[in-house]
Amino acid sequence: MIGIKVDGLTSVQQRLLGTTRKVEVSSQRALIKIAGHIRDAEKAEMGRVFDRPTRWTLGAMKVKITSKMEVSVGIIDTEGAYKRAQNYLGTQVSGGSRKLKAMERALQSRGLMPAGTYIVPGVGARIDAFGNIATGEIRQILSWFDAAERWAGSTQNMLQKGRDKRRKGTKKARGFEYVAISGTGRSRHLQPGIYRRTFFGFGSAIKPILIFVRSVNYKPRFDFGGVARKAFNQHARTEFDAAFIREFSGL
């Protein structure tokens, strides 16, 4: 989050003390305009450094009026649940390991995923147009393990009756099930994770959907502060001049 504020009056403003309200209005208008330039510059940088960022991700960069003489620009999470922009975009700014996603916390709370591990897509995962695990598959997995309520206030847990129905399949769709693999004992040849087993005839096939890994480290890619400073330096004087000229043109 970047904050922009006016601290006191400049020498020019001191000479205009008789029109304090106009000075405040001019400054407020200029700050909002500058913040808009910074927001647009940050979104443009996100489009440059990230691979096909979603409209939701770009829309998380917002302008917020925090006080009479202060405006902030930053990542404001509007959706919550399993996608938290401050989490995954924050790691792109500072690097390091990200926080746990709500989906990971839900699986860990059910004892399906070891503490201290993270999720990465397996080869069998459905990937959306932006390279992320498809939301529908995430919901189906959590519902299968009755973890949906822990995830986002959902009441769509599948329960035993729903799991039995999907294992059976239909004439048009093969039966399937999700299984949690620990990677030990009889499953030691498999990576720990969530797998989907599809039934056909007298056999079945299994594919990894979510793989559990011990660390997920990011290198800084998004120069949030540098972009903000550049945009401020480029637009601050012009916007303050324009705001004061507009407000005092009638004097």
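The values are calculated or read from the model by the stated rules, or taken from the named source; none is laboratory data. Computed from a predicted model, the values in this text were never measured in an experiment. Here the Cβ positions follow ideal geometry from the backbone for every residue, glycine too, while neighbour counts run over all protein chains shown.
Table for the structure above
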| read-out | value |
| --- | --- |
| Out of R186, R196, R214, R174, sole residue that is out of contact with any Asp or Glu (no Cβ under 7 Å at 6 or more places or on another chain) and within 19 Å of R110 (Cβ to Cβ) | R196 |
| Number of positions in the stretch 202-244 that are part of a loop (DSSP other than H, G, I, E, B) and of a type in the set (A, V, I, L, M) | 1 |
| Filter pass, K33 being touching a His at 6+ places or on another chain (Cβ under 8 Å) and either within 29 Å of R246 (Cα to Cα) or modelled with pLDDT of 60 or more (or both) | yes |
| Test: residue in the stretch 189-201 that is of a type in the set (S, T, Y), assigned to a helix (DSSP H, G or I) and surrounded by 13 or more Cβ atoms within 10 Å (Cβ to Cβ) | no |
| Near pairs, Cβ below 8 angstrom, 6+ apart or cross-chain, from the stretch 230-250 (over 23 Å from A44 (Cα atoms)) to any residue that is among the hydroxyl-bearing types (S, T, Y) and surrounded by fewer than 20 Cβ atoms within 10 Å (Cβ to Cβ) | F248/T19 |
| Flag if A205 is in contact (Cβ under 8 Å) with a residue 40 or more places away in the chain and either surrounded by fewer than 17 Cβ atoms within 10 Å (Cβ to Cβ) or at negative phi (or both) | no |
| In the stretch 44-58, residue modelled with the lowest pLDDT [restricted to those that are among the β-branched types (V, I, T) and within 22 Å of G226 (Cα to Cα)] | T57 |
| Checking A228 against (1) surrounded by 14 or more Cβ atoms within 10 Å (Cβ to Cβ); (2) not assigned by TED's automatic domain parsing to the domain that holds V73, the condition it does not meet | (2) |
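For (1) in a loop (DSSP other than H, G, I, E, B); (2) assigned by TED's automatic domain parsing to the domain that holds P53; (3) at pLDDT 90 or above, each residue gets a yes or a no:
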{"position": "E149", "(1), (2), (3)": "no, no, no"}
{"position": "Q156", "(1), (2), (3)": "yes, no, no"}
{"position": "R166", "(1), (2), (3)": "no, no, yes"}
{"position": "A180", "(1), (2), (3)": "no, no, yes"}
